[in-house]
Amino acid sequence: MRQRTGHNSDVRQAVENDIAELVRLRAMLFENLGGEFFNPAWGGDDWLDVLAVVLKEQLAADGVRILVVDGGSGLAACGIGTIEQRLPGPHLRNGRIGQVIGVVTDPAYRRLGLSRSIMQDLLGWFRESDVARVDLYASVEGEPLYRELGFTNHPDPSLYWRP
């Protein structure tokens, strides 16, 4: 049985049978982003098997919402939201931070509002879950949508470190 999210009729929560398609869409995301950071030469494809295992685990996690839209012969789009409990502060009243991860639409289904529908459902879930802030990393193509939905520049510099 498909569980609808309640906000947009085409958007539903992912189920275990969606894992292969979620892996396909997530791989497509990194191919499109390109560059050494997202697609390092030393990377290989072994991460795809690990991704499938983690997605299966996360389908039932309370702090994760994996949303999809069906296409003709697979998934047309997906998006993942996570909630992390951090330490509260004056800028983060309850310490709950939402993160949008990998909103991806198959090229055959772009410009139909699917990413917008997924984002609206994720933002509704974040509101219901009382998060204090939602973060995301935007692609050049996705940035206009996120800004329309109210996202602004983050005040902190974004840095990373790899062990």
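Structure summary
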{"item": "Test: Asp121 is at pLDDT 90 or above and open to solvent by less than 70 Å² (accessible area, probe 1.4 Å)", "result": "yes"}
{"item": "Residue list for the range 146-163, filter: in a loop (DSSP other than H, G, I, E, B) and either open to solvent by 100 Å² or more (accessible area, probe 1.4 Å) or in contact with a strand residue (DSSP E or B) (Cβ under 6 Å, 6 or more places away or on another chain) (or both)", "result": "Thr152, Asn153, Pro155, Pro157, Leu159, Tyr160, Trp161, Arg162, Pro163"}
{"item": "Filter pass, Gly89 being modelled with pLDDT under 95 and within 16 Å of Pro144 (Cα to Cα)", "result": "no"}
{"item": "Residue pairs meeting the criteria (Cβ under 6 Å; at least 6 apart or on separate chains; first on the phi > 0 side of the Ramachandran plot, in the range 89-118; second assigned to a helix (DSSP H, G or I))", "result": "Gly102/Arg26; Gly102/Leu29"}
{"item": "Residue list for the range 95-114, restricted to those being in contact with a Leu (Cβ under 6 Å, 6 or more places away or on another chain) and closer than 19 Å to Leu25 by Cβ", "result": "Val100, Gly102, Val104, Thr105"}
{"item": "Failed criterion for Val134 (all others in (1) part of a helix (DSSP H, G or I); (2) modelled with pLDDT of 95 or more hold)", "result": "(1)"}
{"item": "Matching residues, the range 96-108, being under 22 Å from Pro155 (Cβ atoms) and either loosely packed, with under 14 Cβ neighbours inside 10 Å or at pLDDT 95 or above (or both)", "result": "Arg96, Ile97, Gly98, Gln99, Val100"}
{"item": "Condition met for Arg111 (open to solvent by 80 Å² or more (accessible area, probe 1.4 Å), modelled with pLDDT under 95 and either not in a strand (DSSP E or B) or not aliphatic (A, V, I, L, M) (or both))", "result": "yes"}
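The values are calculated or read from the model by the stated rules, or taken from the named source; none is laboratory data. Values in this document were obtained by computation on a predicted structure and should not be read as measured data. Positions of Cβ are generated from backbone atoms using ideal geometry, with glycine treated the same way; all protein chains shown enter the neighbour counts. Just the protein is used for accessible areas: all its heavy atoms, side chains included, with ligands, DNA and RNA removed. Shrake-Rupley method; radii C 1.70, N 1.55, O 1.52, S 1.80 Å.
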